[in-house]
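Inspection log for the structure reproduced underneath, given as structure tokens.
The numbers here are math on the coordinates, done by the rules we state, and not lab data. All figures in this text were calculated on a predicted structure; none of them were measured in a lab. Please note: Cβ atoms are built from the backbone with ideal geometry, for glycine as well, and neighbour counts cover all protein chains shown.
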Number of protein chains: 2
Amino acid sequence: MSFTFDIDYNDKSSDARAGRLHTPRGVIHTPIFMPVGTVATVKGIHMSELEEVIHAEIILANTYHLYLRPGLEVIDKAGGIHSFNSWKKPVLTDSGGFQVYSLGKNRKITEKGVEFRSHIDGSKHLFTPESVVDIQRTIGADIIMAFDECTPYPCPKDYARDSMHMTHRWLDRCFDQFSKTDTDSAVQQCLAPIVQGSVYADLRAQSAAYIASKEAPINAIGGLSVGEPDEDMYAMVELINGILPASKPRYLMGVGTPANLLENIALGIDMFDCVLPSRNARHGMLYTHEGIINIKNEKWKKDFSPIDARSNADTSRRHSKAYLRHLFLSKELLGAQIATLQNLTFYLQLVRAAREKIKQGVFDTWKEKAITQYSQRL
Amino acid sequence: MSFTFDIDYNDKSSDARAGRLHTPRGVIHTPIFMPVGTVATVKGIHMSELEEVIHAEIILANTYHLYLRPGLEVIDKAGGIHSFNSWKKPVLTDSGGFQVYSLGKNRKITEKGVEFRSHIDGSKHLFTPESVVDIQRTIGADIIMAFDECTPYPCPKDYARDSMHMTHRWLDRCFDQFSKTDTDSAVQQCLAPIVQGSVYADLRAQSAAYIASKEAPINAIGGLSVGEPDEDMYAMVELINGILPASKPRYLMGVGTPANLLENIALGIDMFDCVLPSRNARHGMLYTHEGIINIKNEKWKKDFSPIDARSNADTSRRHSKAYLRHLFLSKELLGAQIATLQNLTFYLQLVRAAREKIKQGVFDTWKEKAITQYSQRL
């Protein structure tokens, strides 16, 4: 049976759990971090590196971006995203709700859907809950996301309430369309609904109950990590996780720092995605087992120690901080490549370590030490 | 004994030969192409890919660039370029003569040497034949190049003659300095002199005789592939190769297209370097076993055949032309990475094929077919 979830271990002193999400394209061990491959490529990373160095079990791609480029005709003709980019494991596509929210003035949200202008050529497009499901059917990701409005922070309560209700109505339309259609490929897909409600506890509770009522195989939490204090994020997640069924994987969208991951794992989150490790890598900010490094700093100029001696990435053990700094100062492609490998490998090592510590029953004490270590700036 | 050259096979119908150049850091099988790693990185390529995918046997780095950034202090402290970038096989450093020539107005050439301004920060520097040897001693490349003036094309004969004589006087100073100094590392280095003389047969003959008189383990030809017609290049190479000793490897600097490589191999050239395959890759121009491809062209939009089914690079067999086109149109890092792997792997496969055909005694007929095939634009 596809998209079933087995919980292997429950932590005794927190709500953390280690599980296995079964998908038609393989098992995903949770907690998991999903590297972001917006346009069907994780920037600067070869597929073989995702498979053999980072050990990614699922990657994320973006409906909005793929719809605009290369366009559905190309992806359809390729036979779906897995044939197109040759990544054989599971893919999750974000529905475009977040991207549309990012477009600011270039979009108009109505009950029908969202009219927007392409960031590439300014052309006009309309996304509706129905069309976004159809597009994701064509793209062929394993896990597809419902079309929602991601509210900004701060957000007036009235706006957040109205938006949440519209997101719920859109959700019904998404599920209708999903049940009426079938994937283009032979492989089953699953549709995941998204809890909204900004930072308002009553709205979040209401939204979580509505999402839970859909009995989807995976439930997602959106609209967090958009600028609110971490404490607000954790409070919302704790509240929501008390309402979403514990038997289904919970996916917290767009989160976050290593500390954010560990705190949310403790609250019962199973899946994460975020551009932070890959985007920061391209700017020379490294997450390592010793702490956070800005590789461009003068202090690394003659530091010939490995980038991260405990990294699974051979490039991080092979190359020195001084060499990587040189690559960044020289604006060399290889700098971004090595840094991205470092950060994504670190994130996947982190969630695997969390799983292992949950299994060993020492997650809570390990978490505190790990947060201190991995949050310090070197 | 270091830097000895064994000729394994001589082609019967041309001057092509297959040899082995012994260096303290390993054997180089000739004919060979040396990927260009200007600032101690081959742009977009991991060291493991140079080793295991491209199968490079030697790479090139640049004295001028490394002197400016990261600077000699860093490379010295690292223990030389091999420790700095972790490439364990041979390295050749260009002396900076060509870069200085490229600086145009920002340099002044006198008998003493060249005063120039850094392209990075405009700071003033002086390169002399002595200092360039010293710098290359510190960098620690296995094969270091004499400091020369690379004349432009076209070049008045008087200028070419005067410049050639100065390059010869500089060469004496380079050898003096080389004999007075020792490498910073325990590993022996060799100094290669460079034939100049523009496209003037009498000057080239005079220069080749002078260079030959130095009895260096490797002899180089500079000042070609600077804009002159291919026929002039081949005529000069043929003339020079008749004068340089056949028992020593001949290195033709800065050349060239696949056709240029094969024609010059037929004339007795053993070593090449060029930015063409890597630079063109970054602009989407691919050298493949079927011909030359501009991957950005519309015609590849829905072409899901492999980039190059006969490539040793798994990325070229795994990914389609349509996917690579998408990466280029999206300005994704991975596009440059996959294209560079394709082109450098193709160049190394090409010189290895040439070696094999020389060994089999079928080089001449294969060469004609290969040039036709690999020069056609698809």
Item to check | Stokes-Einstein D for the protein assembly as shown, Kirkwood Rh over Cα pairs, 20 °C, 1.002 mPa s (µm²/s) | outcome: 75
Checklist entry - When the Cα centres of the range B:37-66 and the range A:150-183 are compared, how far apart do they sit, in Å? => result 51
Item to check | Estimated inter-spin distance, A:I7 and B:D232, nm [label 7 Å along Cα→Cβ] | outcome: 7.9
Checklist outcome for this item: Among B:H283, B:F272, B:G254, the residue whose Cα sits farthest towards the positive end of the charge dipole of the range B:202-342, when +1 is placed on the Cβ of each Lys and Arg and -1 on the Cβ of each Asp and Glu, is B:H283
Checklist entry - Just the Cα atoms of the range B:202-294, one point each, no solvent: what log10 I(q)/I(0) does Debye give at q = 0.22 Å⁻¹? => result -1.08
Item to check | Ranking of A:R377, B:R204 by count of other Cβ atoms within 10 Å, fewest first | outcome: A:R377, B:R204
Checklist entry - Using r as the Cβ-Cβ distance of B:R279 and B:K369, and R0 as 30 Å, what FRET efficiency do you calculate, to the nearest 0.05? => result 0.65
Checklist entry - Which order results if A:M285, B:M145 are arranged by neighbouring Cβ count within 10 Å, fewest first? => result A:M285, B:M145
Next on the checklist: Give me the inter-chain shielding for A:324-334: mean count of other chain Cβ atoms within 10 Å, whole number please.
Outcome noted: 6
Item to check | Debye-sum result for the range A:78-125 in log10 I(q)/I(0), which assumes one identical scatterer on each alpha carbon, at q = 0.13, 0.22, 0.24 Å⁻¹ | outcome: -0.45, -0.82, -0.86
Item to check | Dimensionless Rg over Rh [the range B:292-337; C-alpha; Kirkwood] | outcome: 0.93
Next on the checklist: Averaged across B:40-49, how many Cβ atoms of other chains sit within 10 Å of each residue's Cβ atom?
Outcome noted: 5
Next on the checklist: Out of all Cα-Cα pairs in the range A:4-273, roughly what percent, to the nearest whole number, are more than 33 Å apart?
Outcome noted: 15
Item to check | Size-normalised alpha-carbon gyration radius of the range A:87-213, reference 2.2 N^0.38 Å | outcome: 1.07
Next on the checklist: Kirkwood Rh over alpha-carbon pairs of the range B:320-378, then Stokes-Einstein at 25 °C and 0.890 mPa s: what D in µm² s⁻¹, rounded to an integer?
Outcome noted: 184
Item to check | Relative contact order (%) - the range A:176-291, alpha-carbon pairs under 8 angstrom, separation at least six | outcome: 21
Next on the checklist: I need the inter-copy label distances for A:E231: point set 7 Å along Cα to C-beta, values in nm with one decimal, smallest first.
Outcome noted: 8.3
Checklist entry - What is the log10 of I(q)/I(0) for the range B:275-378, computed with the Debye formula using one identical point scatterer on each Cα and no solvent, at q = 0.16, 0.17, 0.22 Å⁻¹? => result -0.65, -0.72, -1.11
Item to check | trypsin sites (Lys or Arg not before Pro) lying in DSSP loop within the range B:1-74, provided at most 15 other Cβ fall within 10 Å | outcome: B:K12
Checklist entry - Is there a simple number for the mean count of other chain Cβ atoms within 10 Å of the Cβ of residues in B:70-80, and what is it? => result 3
Checklist entry - Rounded if a/c is under 1.5, else prolate if a/b beats b/c, else oblate: with a ≥ b ≥ c from the C-alpha gyration tensor eigenvalues square-rooted, which is the range A:1-157? => result oblate
Checklist outcome for this item: In debye to the nearest 20, the charge dipole size for the protein assembly as shown, taken about the Cα centre with +1 at each Lys and Arg Cβ and -1 at each Asp and Glu Cβ, equals 340
Checklist outcome for this item: In order over the range B:14-29: 3J(HN,Hα) from phi, Karplus 6.51/-1.76/1.60, θ = phi - 60°, whole Hz, x for each Gly or Pro, gives 8, 8, 5, 8, 10, x, 10, 9, 8, 10, x, 9, x, 8, 10, 8
